[in-house]
Amino acid sequence: MKLTKRRRPQRRNKQGLLTILFTDLEGSTAMTQRLGDARAQEVVRAHNTIVRREVSTRGGTEVKHTGDGIMATFPSAARAVAAAVAMQQATRTYNDGHPETAFNIAIGLNAGEPVAEDADVFGSAVQLAARTCAEAHGGQILATNVVRELVFGKGALFADAGSAEMKGFSEAVHLFEVGVGAEGIDEGDWGTRRSPARWMLAGAVVVGMGAVAGLAFALTQSGGGAATVASVPYTQLRLQAKLATALKVLGGDCATTDLTLGGLTSGSVAGGINGTIDGDSRVTQSISDNCQSVIVISTGHLIAGADSIAFADFLRARPRVGKFDTANPGAAPAALEGTDLWVVTGGEGRYAGATGDGECELAGLSLAGVTATADLNCVLNLTVSGASAPVSLRGESVSHTIAEGVSQSAPSETEIFVLYRNNTDAALTGLSLSLGSPADAHLTAAPASDKLVPISADTKWPLPDLAPGEVGRFRLHVRLISGGGDSMTLTPRLSATGLKTDARSAPITIAVAR
């Protein structure tokens, strides 16, 4: 008699309402090429440790590792949202201490009743969570409307992120970007798995993130030994702006003196805020570089009904080709490239007392006569309630690649632009700025048109005193003499009398061409 092995039937059942969370390690392939296999694996392990700790701490279940991320489920939407926020905060803490291996994760959340089969879950609720994660960028948490409704009134903040067409779904899906208020998220009473945690305000400094900006956070331990996340209450807004500025000449001729123009900026804003933007802009073309670039300094407001955000910005832009000449609009290039740095200086309504920073990618800018138009894609990281960090600080390099010595592919010089704000109620004195200097690179630097001098990790440049609420701007000309690696990392730091901790921008990574 022939014996056959009886196949064990698969177990399949409905799980009831679950919140599904996906993470994705942003740019993992490029990261492996940049760091090498061994160091890239260190980053993967750091991601896994952070995500698994927060899943376990909040009673979730890891379902599987997806290669570049982790899938987990939670019996409570509030716990899933709290876990997602804690993951991003812990990632920022890691990045603050490991700038050379900094990474970003995208997180997507959806809720529904998936089907369980063995140790996995399936169904449209899972697919939608995965698609939501795919829509998110590094440092961002996106959630569907069902998640927003499940945690209504529990301390989470949701910024409208618009609708997205997703593969496999016949209708566009409305998404929301997740943040957390001053009191943290009410996760409810769910047993003794962890000690009750308070969301505590960290004495951290708001800093930027390389391609996606962020806040500095820290992990502390409560007296009972359970992990407690110390955080600055935050929200992150991604915005798309279409702007027009009606300029008039204020002075100069761009021949013997700098040309200065000024005017009012207005336009529409969509994304995290759907409304309008207004500002007062001043544009300078400097004869020191043959009027080949523009410096824009603006102040303004993002407005959406009763909600508004006040900001100051600092833009350095260069034409892609040709000389920038306002006296001859027909010869002006149609597009420029630049980095637009922002600091947030206040707000009303939902954003009352907001501080923070961000940056905009200049998608295009043109001049027609003396009217400039621009498309901006922006990321703003905000403290929206509670006490703010003492200084908001954002720095960026005009060139993302510079050459060692003479190179046809890249210049050997760049400019570092820094924008900072005093968020305290007292004047800041004794200010100075440092960049740090990679151990294997020989650099010279100087403010504006001063003579370039060799710099080290200890080199500091004095800055003027800063009144409460005042915004400061600093330009630093940097030249690479020699460098040992394929890239170098600079980290702008601002110190001041009475500041317990230096304000620190996100690291600026610049590729080195040879």
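The values are calculated or read from the model by the stated rules, or taken from the named source; none is laboratory data. Predicted model only: the values in this text are computed from it and were never measured. Glycine gets a Cβ as well: all are built from the backbone with ideal geometry, and neighbour counts include every protein chain shown.
One residue stands out in segment 233-263 among those that are of a type in the set (A, V, I, L, M, F, W, C) and closer than 30 Å to Val178 by Cα: the one that is surrounded by the most Cβ atoms within 10 Å (Cβ to Cβ), namely Leu237. Screening segment 311-338 for residues that are buried (at least 17 other Cβ atoms within 10 Å of the Cβ) and aliphatic (A, V, I, L, M) and picking the one that is modelled with the highest pLDDT gives Ala312. The test for being under 25 Å from Gln240 (Cβ atoms) and surrounded by fewer than 21 Cβ atoms within 10 Å (Cβ to Cβ) does not hold for Ser281. Looking at Gly275, is it touching a strand residue (DSSP E or B) at 6+ places or on another chain (Cβ under 8 Å) and within 17 Å of Arg350 (Cα to Cα)? Considered against the rule, which asks whether it is touching a strand residue (DSSP E or B) at 6+ places or on another chain (Cβ under 8 Å) and within 17 Å of Arg350 (Cα to Cα), Gly275 comes out as yes. Would segment 86-104 turn up any residue that is among the aromatic types (Phe, Trp, Tyr) and without any contact (Cβ under 8 Å) to a residue 40 or more places away in the chain? Looking for residues that are among the aromatic types (Phe, Trp, Tyr) and without any contact (Cβ under 8 Å) to a residue 40 or more places away in the chain, one finds none in segment 86-104, hence no. Being in contact with a Gly (Cβ under 9 Å, 6 or more places away or on another chain) and either under 22 Å from Arg52 (Cβ atoms) or at pLDDT 85 or above (or both) is a description that does not apply to Leu109.
Of the residues examined, Leu452 is not one that is within 26 Å of the chain's Cα centre (by Cα) and modelled with pLDDT of 80 or more. Could you look through segment 381-420, keep only residues that are part of a strand (DSSP E or B) and modelled with pLDDT under 85, and pick out the one that is farthest from Gly472 (Cα to Cα)? Among residues in segment 381-420 that are part of a strand (DSSP E or B) and modelled with pLDDT under 85, the one farthest from Gly472 (Cα to Cα) is Ala403.
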